[in-house]
Amino acid sequence: MGEIIKMGVDNDPNKAVRDAEFEKIEKIKASLNNLTNKKSKFLFTVPESNNPAASIYEIYFHATIVKKMGYEVIILTEKKDYEIPKWIEKTLTDITHVSMAENSITITPEDVMIISDVYSNVMEQTKNLPCQRIGFLQSLDYMANALVPGTDWASFGIRDIITTSKELKNIINVFYGEGKFNIGTYDVGIPNYFKQSGKPKKPIISVIGRNPNEISKFVKLFYSKFPQYSWITFDPMLTKSKPPQPMRRKDFAERLEQNFAAVWIDRISSFGTFPLECMKSGVIPICLRPDIMPEYLIERKDDESVEIIENAGLWSSNFYDLPLILGDVLVKFLDDSIGDNIYDAMNRVSAKYTPENSEKTVIEYYNTILTNRITMLSGVVDKNLEALKNNDDEKNTKDGKSE
């Protein structure tokens, strides 16, 4: 881009307008300079939750990676008295937190705001800000609940989206318009403290679900069908304290590794990290298949065809199959006859979902976003300079004719 050259227009009645245009261009050029020198701010909105949630963990993970990339990072909270989640390791939460209610941050064009799918109100309130805004969409249910019927993220001026799976990307394209949004995906990473210690497994079964009534029903049905296994322990994965509290994720991993199997009942998950945590820990996941096929169960070919990966845990679309599947697995566990093909498939699937690979895909996404932003702002400067030049040429032509 060339330098801005002010021409002799002291007597120009439109001088104030021209000066305002020059000032706007200078501000954009300053933003471009900040972009190229990593002086952008990244602002991540995070909802408050008393219970551990993979969606919140992922926001903090992204924020930490961007901070490592060299950018200023701020976590935006809805309330002033927001409590930083204790179940997330401190290395991920050592970030400046600012309440959106304080309204104390200056937003500039080089900044980037990442808005969680639960925050349609924030999408509405920030639509006139000059920064780049990105929708962080992790849950189809949150996405749908946060929108008024007939609206989508484009209604709030958001065209860029990042999500956790290509399956969810396909759904967005089908229901909200093919090509309407620039949708990026990244690989979720399961922390390395989910691992196999090699210690013998215990007859303990973790059971995780969104609906407590379904969990209770599952346990009762299992004991009704298999009363001889009344000595089996179902672990809800809470602390031993009274009342029980959610566990730190690292403690959760240590407890999970002791299990030989785990049950996951979640009909509405759009990704589901718990089965992957199980696979990485050498624990056989017995799962109710959610409405959206988990991304890690899909093998995508070069010709864009897909295959469902077999044996990476035991999955059923019928809730009432789960107690029966567990009974069958329990017999094989006690007989030491569980086939290696299950463990091999679990290891192969979970090997892809590492923090290192996730960090790589996150960095690639945000670097692409920043590069595109630089290109866009450069285009705005060039277009405005060209418009000013054409206006000057037109004025000089008219002045020449009048003489």
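Every read-out reported here was derived from the displayed coordinates using simple, explicitly stated rules and does not represent laboratory data. Note that the structure is a prediction, hence the values are computed from the model and not measured. Here the Cβ is made from the backbone with ideal geometry for all residues, glycine too, and neighbour counts use every protein chain on show.
Points to keep in mind about this one:
- Near the amide H of Ser206, within less than 5 Å, lie the amide hydrogens of Asp235, Ala261, Val263, all on another chain or at least 5 residues away, with H placed in the peptide plane.
- Protection proxy ranking, highest mean first, for peptides 280-289, 63-72, 161-170: 280-289, 161-170, 63-72, where packing is the per-residue count of other beta-carbon atoms within 10 Å, averaged.
- Dipole axis of the chain (+1 Lys, Arg; -1 Asp, Glu on Cβ), positive-most option in Leu168, Val118, Ile308: Val118
- Each of (1) 53, 21, 18; (2) 35, 22, 21; (3) 33, 28, 20 is a candidate for semi-axes √(5λ) of the Cα gyration tensor in Å; the one calculated from this structure is (1).
- The charge dipole of segment 108-245, taken about the Cα centre with unit charges on the Cβ atoms of Lys, Arg (+1) and Asp, Glu (-1), comes to about 1020 debye, rounded to the nearest 20.
- Pairwise label distance in nanometres, Thr371 with Asp328, each label 7 Å out on the Cα-Cβ vector: 4.8 nm
- Estimated from the Cβ-Cβ distance and a Förster radius of 22 angstrom, the FRET efficiency linking Ala144 and Asn182 is about 0.60.
- Farthest positive-ward along segment 202-353 dipole, Cα basis, beta-carbon charges - from Gly339, Pro244, Ile268: Pro244
- A simple spin-label model places pseudo-atoms 7 Å from Cα toward Cβ; at Thr151 and Asp340 they are separated by 5.7 nm.
- For the chain, the antiparallel share of DSSP beta bridges with both residues in that region comes to about 10%.
- Segment 365-385 and segment 25-40: distance between their alpha carbon centers, rounded to Å: 10 Å
- Database remark: amide H of Thr185 closer than 5 angstrom to the amide H of Thr163 (H placed geometrically; neighbours at sequence offset of 5 or more, or on other chains; Pro and chain starts carry no H).
- Cβ charges +1 (Lys, Arg) and -1 (Asp, Glu), total dipole of the chain, debye: 1160 debye
- Of the residues Leu147, Leu43, the one with the fewest other Cβ atoms within 10 Å heads the list, and the complete ranking is Leu147, Leu43.
- Full extension of the chain between Glu299 and Lys383 gives 25.8 nm of extra length, using 0.36 nm per residue less the Cα-Cα distance.
- GNM flexibility winner over the chain from Asp335, Asp251, Asp266 (Cα, springs under 10 Å): Asp335
- Charge dipole (Cα centre; +1 on Lys/Arg Cβ, -1 on Asp/Glu Cβ; no other charges) of segment 202-353 amounts to roughly 900 debye.
- Remark: relative contact order (the chain) = 15 percent; criterion is Cα-Cα distance under 8 angstrom and separation of 6 or more residues.
- Antiparallel DSSP beta bridges within segment 202-353, percent to nearest 5: 20 percent
- Placing a pseudo-label 7 Å from each Cα along the Cα-to-Cβ vector at Ser216 and Lys79 gives an inter-label distance of 2.7 nm.
- Calculated [θ] (222 nm, deg cm²/dmol) that DSSP helices of n ≥ 4 give over the chain, each run adding -39,500 (n - 2.57): -13500 deg cm²/dmol
- Dividing the convex hull volume of the alpha carbon atoms of segment 60-102 by its residue count gives 66 Å³ per residue.
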